[in-house]
Structure formats: C-alpha cells, structure tokens
1. Any chance the stretch 2-15 includes a residue that's in a helix (DSSP H, G or I), of a type in the set (D, E, K, R) and modelled with pLDDT under 95?
2. Go through the stretch 19-75 and count every residue that is open to solvent by 100 Å² or more (accessible area, probe 1.4 Å) and among the β-branched types (V, I, T).
Amino acid sequence: MRRSCNARGLVIKEYERFEAIAAQHRRDGNDATLDNVRERCQRSEDAWLKMAAQSRRTELRREERDRKTVMMAEA
C-alpha cells in the first residue's frame, strides 16, 4: 500500500491524498471567475477522483490477495 505523510506527519493513503487534491481543485474552480479556469479545474478534479477510485480499488484487491495468502499459509 502506498502511503504519504501529510503536513502534520500523519500517514495517509494514496487515495486520500488524491481525494484531497481533487477537493482543492474543486475549491479553486468554485473560486474561479473565468469560465475556462473553472472548466479546467473541473476536469482536473474529475481526473484526480478517477485516480483516487482506482487507487482505492487496487488497495482493496491487495488486501483481499493478502488475506487469501494468509489463509492458504495457515491451511
């Protein structure tokens, strides 16, 4: 599992970081006065949310694989 540290030194998961970046782009888009900037922020937010969803699915698959590996080792 990929992890990073936030500004306070707390470990965060990759998809949480992606979701935080998407939220920042959402805020930037809401604050934008120009249509093209607002649209760019929306596209960026969408892309980061897709990456977050993929990262979350990958983590779930890894956890499932690890559970199966442990179960097979115990059998």
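1. Scanning the stretch 2-15 turns up at least one residue that is in a helix (DSSP H, G or I), of a type in the set (D, E, K, R) and modelled with pLDDT under 95.
2. Of the residues in the stretch 19-75, 1 are open to solvent by 100 Å² or more (accessible area, probe 1.4 Å) and among the β-branched types (V, I, T).
The values are calculated or read from the model by the stated rules, or taken from the named source; none is laboratory data. This structure is a prediction, so every number in the text was calculated from the model and none was measured. The accessibility values were calculated without ligands, DNA or RNA, using every heavy atom of the protein model including side chains. Shrake-Rupley method; radii C 1.70, N 1.55, O 1.52, S 1.80 Å.
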